[in-house]
Every structure is written in C-alpha cells, then in structure tokens.
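*Asks:* I am attaching a structure below and will ask some questions about it afterwards.
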Amino acid sequence: MKKFNIRKVLDGLTAVSSPSPSPQLGAKENELIPETLQSEHFQLCKTVRHGFPYQPSSMAFDPVQKILAIGTQSGALRLFGRPGVECYCQHETGAAVIQLQFLINEGALVSALADDSIHLWNLRQKRPAVLHSLKFNKERITFCHLPFQSKWLYIGSERGNIHIVNVESFTLSGYTIMWNKAIELSSKAHPGPVVHISDNPMDEGKLIIGFESGIVVLWDLKSKRADYRYTYDEAIHSVAWHHEGKQFICSHSDGTLTIWNIKSPAKPAQTITPHGKQPKDGKKPEPCKPILKVEYKTTRAGDPFMIFSGGLSYDTVGRRPCLTVMHGKSTAVLEMDYPIVDFLTLCETPYPNDFQEPYAVVVLLEKDLVVIDLAQNGYPIFENPYPMMIHESPVTCCEYLADCPVDLIPALYSVGSRQKRQGYSKKEWPISGGNWGLGTQSYPEIIITGHADGSVKFWDASAIMLQVLYKLKTAKVFEKARCKEEKPSTEIVDEDPFAIQLLSWCPESRMLCVAGVSAHVIIYRFSKQEITTEVVQLLEIRLQYELNDLESPEGGGDQTPAPPTPSTSPSPQTTAPQTHTSTSSNSSDGIRDNIPCLKVRSSPLKQSPGYQVELVVQLVWVSGEPPQQISSLAINSSYGLVVFGNSNGLAVVDYLQKTVLLNLGTVELYGSNDPYQRQPRSPRKSRQPSGGLCDINEGSATSEDRCKSPTSVLMSNHQQFYNGGGRAKMSRKLSLPTELKPDLVLLSVCPPRGSIPLDNRDNSFSRSRSSSVTSIDKEAREAITSFYFCETYNRKADGGLTPSLWVGTSLGTVLAISLNMPPAGEQRLLQPVIVSPCGTLVRLKGSILRMAFLDSTGSLLPSAFEPWYEPNAPANGEERDKVRKRRPVSVSPSTSQELNENQYAVLCSEKQAKVISLPSQTCVFKHNITETSFVLRADVVQMNTGICVACFCANGHIMTLSLPGLRPLLDVNYLPLTDMRIARTFCFTNLGQALYLTSPTEIQRITYSQEVCENLQEMLGELFTPVETPEAPNRGFFKGLFGGGAQSLDREELFGESGAGKAPRSLAQHIPGPGGIEGMKGAASGIVGDLARARIALDERGQKLSEVEERTAAMMASADAFSKHAHEMMLKCKDKKWYQF
C-alpha cells in the first residue's frame, strides 16, 4: 500500500460540502485507506417474518402434508410446518382472506378474498407464488368448498347461487346452481347468502347447501334438482356431516344444534341447546349466543366428538370466549384468552367417509394460536414451539445483535429453560410438515425486545429461525399498586409505568441497562446462581434544566446540579426508598420535590439465575416538575459506568461504587462557549415528559412542526400538561393495545390516535422537513441523543489515548467528557473516577444519532469491555481477580505515527455523516444523507469484507455509505410509508442483517447483503415434501355387493365444457399469476426438490403405466367378448336363407 500524507487529503476539503464526496477526495482517500466494500456487495430483500399473524381471519390444514395456513385481514398468508419451517406471502390487493382450502397433498392452496377474488398458490417452491387468479364481477363470495381429491371448487355467493371452478385451469364451469331452483316454492323470501357447501361423504353426487336464513338443501348434481329441503326458524352459521352420510348437524344463531336425518326433512331428529337452561315445564330453553361453528367427528372405538365455538348463555357476563367439546356424556368448556376466529379438528384420515379419529383441535384466536390435545384427559394444550408471543405485552423497543459471543445463547438458554411452564401435553407438536433449509449461516444472532409491562425478552435468531431464550421482568423491582386508588400520585403515565424505552447491552460482560418511561434506569448483572437481595440499591438524581439568569423557583431546595467533581457527588442511598424522604418535600401546597415516579420495593427480592438487579437509578420531581423522560442511554463494563440523558442534561453513574459522578444540564456542558442564544424560562411553565407519551395539544401543532424530526419535536414546547392544584398529570392515558402504539422513545413525530392528527392519511411520516430544524428560536431545550464510550483523543494537543465519553445532542453538537479512571482491581472500588467536560468537538446538521471510531487502517474500534465473570462467586476466588482486569482497545502505533493521524471518528446525524480525523479534529469526509427527509436509525456495521454506515430514513429509504470515504453504496426506497412502530423498532446489525416490527405482533427481518440474498434460497425451509396419500377406506364385501359404500361421480363429464358448456365471460375474469415461471425457478434449486420431482415423476409414470395396463386389459376383454358374440351370430345365421333375415 502506497503511503500518503493526510495533509494532501485535506487540500480537497472545499469540495466536501457537496452531497457526496468529490472524486478527487475519494481517490486520495483510497490511496490512504483502501475501501473493500463496493455497491455490488449490497442487495436488499426480505428474509423471514416471525410472530403471530396480525388480525387473522381464516385458517386451513393439510392433514397429509401437516401444514397449517393462516390468512389475515390485510391479505397476508402465513404457512407453518414443523418448528422452524414457516413462510410469509402477501396478496397484492391486500383484501382480507375470508377462506382457505388446501388441495390436500398436492402442494397447492386456494384462497378466497373479501374483494371476491380466488387465487391458487403453488406451495412446491420455497417462496410460494400465485399460479392463477379469478376475479368475480357480479357475485360476492361467501363460502368455498373443495372436495378431497377433486379439481372442482364449489363457490357460494351472497345472492345464494353456487358456481363451480376448475382449479387446474381456473376457468368457470357452465354448471350453476341458482338459489331459486334450489329452494323453489319452499320459501317465499330469498334464502340469504350461502353459508355452507359440502358433498355427502358417501355420495359425491349429493351436495348439501346451507343458506343463512335457516334453509338447507340436499342437491342432486346429476339430475340438477333438490332431493330434500330442511327448514329451521333460526339462522344457520355452519353445517357438518356424520361420516356415514346419513346425518348432518347445523349450528344456529340462538345457541342450538340441530341434528337431521337426510331422509326426514320435516323436523330435526334432535335439537340441543348445550349451554341453555332447561325449563321444567317443557318449554324451549332460553336462547343463547350464536354457535358460530360446529364440527362432528366420529371415532371407531367410542362416542363421537361434537366441538363448537360460541353458544354461551347471555347471562354469563364477562365470561371469556369458549370452545366446547362434547364427547359422550361429558361436556368440557375450554376458556380462551381472546375471541375465537376459527378452529379446525385434526383427524387421522383425510377421507370424509371414514371414521375420523380426531386427535387435536387447532384454535385460532385473535392474538394467539392454541392446539388442544383431545386424546388426553382434561384436554391439555400443546406447548407452542413457534415464536408467536412476541406481543404477549406490546413491544416498545428492539435491539439486534449478529455475530455475538458464542457462549451467550447457551448461557441465556440455560437460565431461561427454568422459566418454562408445566402442564403441557406430552405429545409431539402435531403441525409437523416441511423440511428445514440447508443454511450455511453459522454465526449466532440475538434479538432483544423491550415491552410495555417492563419485561425484556431475549431471542435466539440464528439461521433465520426465532426461539425465546429468556425473559426478564424489570417491574419486580418496584412496588405494584393493587388498585387504582393505591397508585402513587407521582406517576407520570397512567398506564404501563414500567414500559421499557431504551436498552443498552454489553454482550461480552453480559451487563444490561434498561431505561423506562417513568424516568428510571435499572442496571443488571448476569449470574448463574440464585440470590436474595435484602435491599435494592437505589440512587435518586435531580436532573434539571436551568440557566444562570433563571429566577429561583418556589420550594427552595437543591436547585443547582451537582458540579462535575466526585467529591460532591451524592453518596449511595442504599436504604429503602421510603426511609430517605427527609430531603423530599410534598408540602401542603401540593408541590412535589425530590420524589421519584415509582416506589422501589422495600421487602427482600428473590432473584433467580439470569439477570439480577445491581442498581436502580431514578430521576426525581423538581419543584413540582415531573422528570423528563430518558432519551439516551449507554453502559460500559470496562469503566463500570452508566450514562443517560434527557432534554435537561445528563448524568454519569458509577455502578461499581454506586455514586453519581456527574449531573450536568446540557448548557453547562458547553461552559462559556455556548454557541446558542437560549431564552430562559420558568421551569414550571408547560413542561411535560417528552417522547410521545402525551398528546400534542390541539391547535399547537403548526404546519412547520409537522415536518420536524422526532428529536426536534421532542424539544419543542408544544407538548403541554395541565397543572391543577399542583398535581401534574398526563393529558391522556398511555394506552398500549395491539394497535399502533404511540412511540415510547424519541420518535414523537405524529401524535397517537385520539389526538388531532398531523397527517390524516395513514399515520405516516411527513415527507417534507422544515428548514428550521435546528433553529434555536423555538427550542430552548437541547436533548442528549447519543453516547459513545471510547479511548481516544479529546483535545488537539493530546499525545495519547484517554478513556472518554462522547456526547451527541439534538442540535447536532458532539462534546467530549474525559474519564480519569483509577487503577483496576481493588483501587477501582476505593478511588473515585474523575470526570471533566472537554467542550465542543464538532457540529453537524440535525440531531446526532450514532458515533463510532476507526483506527488508522480504517478498522472499527470496539468499546473497551470486561469479560463476564460470575458475580456471586466466592470473594477470594483467584479467577475473579484475573478476569476483572480492564481490556484496553488496541491501537497500531507504528502506522499511526507515520501518518500523524491515529484515529477517525464517524459521526452520523439525522441529515449528514462526517468522518473526523483525530487528534487534529479536522473533517476529512462529509456526506449529506438527505435534504428532504431525515434519518431515523443509523448504525456502523461490520460486513464480511469491511465496515459501512447503514441508514434508515423517514421516507422509507435504506442506504449504506462506505467508511471512511462515505461513498453511497446502496439507496433503496424500501418502505414508502413508514409508521411510528417501524420507526421505533428498526435496527441494523452486522453482516447485512436488519429488522423492524412490521405489525404489533410480527417481526420482519431483512438483509442488505448480496451474499445473504444469494444464499437465502438454500436457507429457507421446504413447505412441500413428497408424502404418499393414505389408502382409501376399505368398502367391505357386503357394501361392495349391495352398493352401500361411497358413490363416485364423474365430475368432468358433469362440469366440463362438453357437459355443462361455457360460463358467461362477464361473470368472472381470469388473471394468470406470476407463480408459473417462479415455480420453475424455485423447484429448480435444491436436492430435496430434485428428489421430490423425480419421485412425483415416477409416481405419475407408474400411475400412467397402470392406467395403460388397465385399458389394454379392458380392450382385450372387449375384443374377446366381441369375438364370442360374432361366433354366436355366425352359428345362429349359417343355416338361414337370405329371405329369412
């Protein structure tokens, strides 16, 4: 590599102001530090979606392939096989999926949508695609039925008609069953929409049609007329056959079940009201809630199962939704946590004319999937192996770590395995189809999710799978109010006061730090041993915003933040919180002072193996002012420090000595060099915890504010609270249902539902942005938005590296704080850490989002860390002393001295990125990322061949920039509409991986790496596997002799064009799908696919050969019969004269 002087690079800095680095500058930089990453290394694609399907609407199961399909209200399809085999597809129109039908063991699925279209999906490829679509123009689809091993799909409509579709060609048959022909004179009124269609299990030529009004018709397909009509005076919701085809059961809107013999249409053979109270005088039982669905399943050895949803008595107020299982004389009512969307009974046979032998029930709820074991007493549920409980409590923040330490996942799994619930069915999970992919991706990945109830979940995300490892409940640290009256009046949110807002994690030391919405920070250590903490260690910090010329507010007390010297730092308050109220005041005039928002528990805390509380830090009320929510957080295990900031300032905490080292307002960080003219104002005037937890007051959101970034809105003065009688309360409740959450971090661009909408269209970010983003006129507050611990040069004159903390603010300023660390070992616990602000280093446009450091060769410098050790090991252990040595960051001094430049700082804001040379503090590269939008998330990530900056913009663009040259390598308009949930949860990680919460219940993982995109096909699982269809049930000798078995029907002759003619063209429009070509491509890859195709081809060939053999035998028999007949005729006629004929 050619040596090059950095001064020559600086000659071209005049061109840096352009949106991208100038060619001359890039060329010189390449001679200095060659960049290995090029644009061809990047490609963006979705990899896999995890979680529970959001707003499910329908479900189907293939009993041979053992694959489950779930459709949603947004047109999504989720397919599930064995644990680890799952797939996501999306209908283009986005209409709700109203019904799904598998072509059993064919590797295909039919979906019916609310926009009256039906689609055929090819599942014989790793990414399923639509082969055909049919859009009905004049009819509304209400029900579909595809008989087993048939290619003719029955479609019922709102008008009461039935149309028939060939699923191979997706063409309509000319055969139609019109509603008036079906009911004829049995009813004067229209029978309503078709709610059920199915053929008689024993006779394919007989079709049962259920109309909503209560009429059921048994239709003879050959004679094209109704055999029987059954009328009941209550609306029908569903119909089910007994497998012998002699009886069927209907469920009704008054909570009754009627059982009918097919040859007795006059009245039901039996009427049951399962949950109705039976009057003694023989009258009808009281009506109950509608039974929405019923299934009637038989067993060879015992009583049949009747399973239904709904039907509860109206007087069961507040009762949860139920599934009822009636088996013989026993009735089991199974309560569900959420409303039932649909359920399916899983049976041993796919043939409807055989004993069904049910073994499980799959129940699709609005927010969960439950599988019940019918074979065990008490009907226990199966343990769900899919990662479907991401939304158990709404997700409020996410972090993603690829290529983490290899011992992390086993360690988390070992402590998490003890948290598992008991009482599940002992049988294997029944949805077991498909095969895993043959992925080559070997590095471990972890996803951490923070939740509204204060829980933190750790997930193993390796090899595009997802499995929960461990769950931490942070709310255990605090006292919980048993009722609303007991709630402390100091809480600043009405609901979910423990919600997690920010996470900072050191994977090497396993130290974890969380910040919650109630302005609290909790620091955790990882231990494999159980302990009981007698007293939870607590620090209370008074972090306030004040200017020198501010009038002193009422209430007195400690009004100035602690100066940055450790000698005046408050001592650790280790007693229970209620015992140190001497400094806090809650005087008669109602002004709260020095009171935290939450009360730390005073009783001993039993801590299981896993994450255990080391220290709780709480911000307190200041003179009636609630504490501002925490906007940034960082932990460093090597230094033993935690730092956090908000719109008032920052605090540095030594969690080893349990002391506050620094408590400074943002203004004081600048010292006398503050570049902004700040308007002083009273601290008690309209201040409110920021971060989107309160409404933007009606009328206060000006048009200029609508296009501001999250962090500029955070500092704006428009979020108000009312101050009634000294009690500051929120102007609305913080509600965190599964619908779109108000942002819990800084992303308060749009108000939550219920307040005045900034943009009524779709809760998306505004595309434009005010030019006065960093204008100080309106924004007297400057929030702390990012931190970075490092060993670097804080001043131009520095001759060596010093431990430092770099601080980024919402006004684009980067400042440094020097950390003077005592020697490692015992001295670290005895001597104080000296912290001293060093002033401003650099300024960027927009709020600072991310900081990182490169060495002189352009390699990423990680923060110093301490390796993990068992904190509850014996105090005199030698091993403990060995591992507690601080690990310094390595620097290559020889190269550094030759170039006179030792490090590069990479700084990224909402608008631009800069690379600063240290210690000279000169800007060597600058790139304006966006002019019209702003960056929501930026990360410096390690790829296989280099490092880059990855950015996600509010306008949906995903970009990557090279380092250190900041050359644009990728820019894709990925998400045209970005909502608050995506903005809050989007995160990049190493090796080209990223994720975001695409719905309140689902995580979408994507990749921006070309290499991962190329290998994705191999990594994905196979949904379809070649399985032989079970043999049809034996008809038996007597049934075959007397015709008592199942009657087959030549549907081709009846429904085909030759028999039924063509359907009117105007009725439906055929749309060929893209799945044909894609299916060929998908099936062309993978050994499993090749084997499957070979097996299928052999099966088909064998089938054809057997057919040919049968035809040949039939022809030979026919020829033989013809020969005999001819010989008989010849003998009969040989003696006759010609006139005798």
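*Asks:* Can you flag which of Lys293/Lys426; Lys126/Lys224; Lys284/Lys426; Lys263/Lys283; Lys66/Lys606 are past 32 Å Cα-Cα?
*Replies:* Over 32 Å apart, Cα to Cα: Lys126/Lys224; Lys284/Lys426; Lys66/Lys606.
*Asks:* Related question: Listed highest first by mean packing, meaning other Cβ atoms within 10 Å per residue, what order do 618-625, 380-387, 808-815 come in?
*Replies:* In decreasing order of mean packing, 618-625, 380-387, 808-815 become 808-815, 618-625, 380-387.
*Asks:* Taking every Cα atom in region 197-239, find the radius of gyration and the maximum pairwise distance Dmax, and write them in Å.
*Replies:* Cα-based Rg and Dmax for region 197-239 come out at 10.5, 30 Å.
*Asks:* Moving on. Using packing as a proxy for protection, rank 239-247, 1109-1117, 227-235 so that the peptide with the highest average count of other Cβ atoms within 10 Å comes first.
*Replies:* Numbers: 239-247: 18.9, 1109-1117: 10.0, 227-235: 17.0.
So the order, starting with the most tightly packed, is 239-247, 227-235, 1109-1117.
*Asks:* Roughly how many percent of the accessible protein surface of region 216-355 is carbon and sulfur, given a 1.4 Å probe and a whole-percent answer?
*Replies:* Working: 3360 of 6680 Å².
Heavy-atom surface of region 216-355 belonging to carbon and sulfur, 1.4 Å probe: 50 percent.
*Asks:* Could you tell me how far the Cα centroid of region 777-845 sits from the Cα centroid of region 264-279, in Å?
*Replies:* 79
*Asks:* What is the packing order of peptides 827-838, 635-646, taking the mean over residues of other C-beta atoms within 10 Å and listing the highest first?
*Replies:* Going from most to least packed, we get 635-646, 827-838.
*Asks:* Only loop residues by DSSP count here, and only those with at most 16 other Cβ atoms within 10 Å; note down the GluC sites (Glu not before Pro) in region 72-106 that meet that. Intermediate results must be reported in sequence, preceding the final value.
*Replies:* On the way: sites: Glu86, Glu92, Glu106; in loops: Glu92, Glu106.
Here the GluC sites (Glu not before Pro) that fit, given the DSSP loop and packing criteria, are Glu92.
*Asks:* Residue by residue through region 373-384, what is 3J(HN,Hα) from phi via Karplus (6.51 cos²θ - 1.76 cosθ + 1.60, θ = phi - 60°)? Round to whole Hz and write x for glycine and proline.
*Replies:* Residue by residue, region 373-384 yields 8, 7, 7, 9, 4, x, 6, x, 9, 7, 6, 6 Hz.
*Asks:* Between the DSSP loop rule and a limit of at most 12 other Cβ atoms within 10 Å, which trypsin sites (Lys or Arg not before Pro) in region 374-466 are left?
*Replies:* Lys420, Arg421, Lys426
*Asks:* Between region 146-186 and region 623-666, what is the separation of their alpha carbon centroids in Å?
*Replies:* 69
*Asks:* Going by Cα centres, region 56-133 and region 958-1037 are how many Å apart?
*Replies:* For region 56-133 versus region 958-1037, the Cα centre distance is 18 Å.
*Asks:* Near the amide H of Gly437, under 5 Å away, which other amide H atoms are found, from residues 5 or more places off or on another chain, if H is placed in the peptide plane?
*Replies:* Gly1021, Glu1022
*Asks:* Ok, one more. How big is D, in µm² s⁻¹, for region 333-439 by Stokes-Einstein at 25 °C and 0.890 mPa s if Rh is the Kirkwood radius over C-alpha pairs? Before the final figure, lay out each step's value.
*Replies:* Details: Rh = 17.1 Å.
Result for D is 143 µm²/s.
*Asks:* Which sequence of Met821, Met980 reflects their accessible areas, 1.4 Å probe, from the largest down? Provide the component values of the computation, followed by the final result.
*Replies:* Numbers: Met821 30, Met980 5 Å².
Solvent-accessible surface, decreasing: Met821, Met980.
*Asks:* Same structure again: Give the carbon-plus-sulfur fraction of the accessible surface of region 78-165 in %, rounded to a whole number; probe 1.4 Å, heavy atoms of protein chains only.
*Replies:* Carbon and sulfur: 47 percent of the exposed surface of region 78-165.
The values are calculated or read from the model by the stated rules, or taken from the named source; none is laboratory data. For clarity, every value in this text was computed on a predicted model and none was experimentally measured. So basically every Cβ, Gly included, is an ideal-geometry build from the backbone, and we count neighbours across all protein chains shown. Calculation scope for accessible area: heavy atoms of the full protein, side chains included, ligands and nucleic acids excluded. Shrake-Rupley method; radii C 1.70, N 1.55, O 1.52, S 1.80 Å.
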